[in-house]
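Asker: Attaching a single structure in structure tokens format; questions to follow.
Coordinate-derived values only; no laboratory data. The model shown is predicted, which means the values in this text are computed figures rather than measured ones. For neighbour counting, all protein chains shown are included, and Cβ atoms are generated from backbone atoms with ideal geometry for every residue, glycine included.
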Amino acid sequence: MKKFVLCAAAATLALALVGCGQQEAASSAGDAAPAQEQQTEAPDSAGAEAKASGPITFTDDMGNEVTVDNPQRVVACMGSFANAWELAGGTLVGVSDDALTAAGWTIASPDVATVGDFTAVNLEAIIALNPDFVIMTSGTGGRGGDSSQADLRDALVSSGIPVAYFQVTTFDDYKRLMRTFTDITGREDLYEQNAAGVAEAIDGIVGAVPAENPPTALVLTTFSGGTRVQASTTQTGAMLADLGVRNLADENKSLLKDFSLEAVIEMNPDFIFVIPMGDDAEAAMRNLEEATAANPAWSALSAVQNGRYITLDPTLYLAKPNAQWAEAYQGLYDSLYGQN
């Protein structure tokens with residue numbers, strides 16, 4: 001089967017992924033394959049535009065009203081949030097482990113301490129950093145477990161530490177996050193650069209989608225222990241929906257719970273997109289290949305025969321691409337319509 005690897009990668013970092021905001025447990029976390037770093041310049045207060053003057057009050061994604069006042073000692077408990085905070089012109093004193101180990105971004109703030117894995121951040125380590133703002137995820141489950149950062153809210157608030165929770169799955173979620181972050185940092189220029197400008201590029205890509213004959217597709221995440229199917233409510237599923245794709249998992253919801261090769265073969269999608277996840281991307285892909293090879297009908301699928309069985313870069317399609325959302329959209333567009 002012919003595979004096209006969509007990758008914005010120009011440099012390779014350690015395998016890890018941060019899947020914040022995905023609806024399925026598998027897509028809420030994991031380790032990513034190597035790919036391009038999201039370069040973040042170290043914040044330069046001298047060259048920055050005027051900082052926000054006075055306190056900023058906003059409502060986080062859990063409905064909590066949060067007030068911060070030009071925070072300088074910020075802890076981000078999700079790698080993608082750490083990267084987004086720096087893209088907004090902020091600096092960090094603490095991050096979850098994945099911010100420093102995951103492929104996809106580079107943390108520029110100097111002397112950053114770690115506060116543990118994002119699925120089980122250490123409350124004492126956070127408080128010891130004397131933060132004036134803590135950024136957490138409102139998602140639950142971690143890598144299929146039961147941990148929840150929301151459980152730490154009361155302890156942080158009682159310690160006088162402002163904490164905000166966010167859930168990012170789609171580009172609109174990311175844009176909303178960046179609106180809040182740049183309001184706090186007072187860097188409207190960075191909102192225009194890393195959110196509004198990206199939105200404009202995405203609008204151009206989506207606007208070029210043909211109006212007729214929408215393709216059908218399935219999105220699979222595969223790991224060493226199995227394979228799951230993504231609906232249009234997930235990160236990559238939502239991008240495909242924006243690009244005019246008919247996701248067959250939306251019409252056969254049983255696939256979302258129990259992956260079935262027979263059901264995939266019966267639906268015969270025009271495209272099959274595969275996202276490897278876990279510590280070992282090769283093992284993840286090998287697991288799926290061994291399963292599909294056991295069924296001779298797999299090779300007769302339209303997607304397989306026409307070279308539309310496509311492996312996607314996890315750092316763009318499972319972890320959050322942040323400033324690279326447009327590249328993620330463009331990669332999917334090129335696979336869907338560039339061959340026409």
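Asker: Would you grab the residues whose amide H sits under 5 Å from the one on VAL168? Only those 5+ places off in sequence or on another chain, please, with H modelled 1.01 Å from N.
Answerer: GLY21
Asker: Another question about this same structure. In vacuo Debye scattering of segment 184-340, one point per C-alpha: log10 I(q)/I(0) at q = 0.18, 0.19 Å⁻¹?
Answerer: Result of the Debye calculation: -1.10, -1.21.
Asker: Also, quick follow-up: Send over the per residue convex hull volume for segment 204-271, Cα only, as a whole number of Å³.
Answerer: Per residue, the Cα convex hull of segment 204-271 comes to 92 Å³.
Asker: Follow-up. With a 10 Å radius around each residue's Cβ, average the other Cβ atoms per peptide and rank 183-192, 244-253, 259-268, 82-91, highest first.
Answerer: Descending mean neighbour count gives 82-91, 183-192, 244-253, 259-268.
Asker: Moving to a separate point now. Pull out a ≥ b ≥ c, the square roots of the eigenvalues of the alpha-carbon gyration tensor of segment 63-136, then state rounded if a/c is under 1.5, prolate if not and a/b is larger than b/c, and oblate in the remaining case.
Answerer: It comes out rounded by the Cα gyration axes.
Asker: Additional query: Count the net charge of all other residues whose Cβ sits under 13 Å from the Cβ of VAL245, scoring Lys and Arg as +1 and Asp and Glu as -1.
Answerer: -2
Asker: Cβ under 13 Å from VAL264's Cβ, VAL264 left aside: what net charge do those residues give with Lys, Arg +1 and Asp, Glu -1?
Answerer: -4
Asker: When all alpha-carbon pairs of segment 239-281 are counted, what percent fall beyond 14 Å?
Answerer: 59
Asker: For the ranges 124-137, 55-68, what's the packing order if you count other beta-carbon atoms within 10 Å of each residue, average per peptide, and put the highest first?
Answerer: Result, highest mean Cβ count within 10 Å first: 124-137, 55-68.
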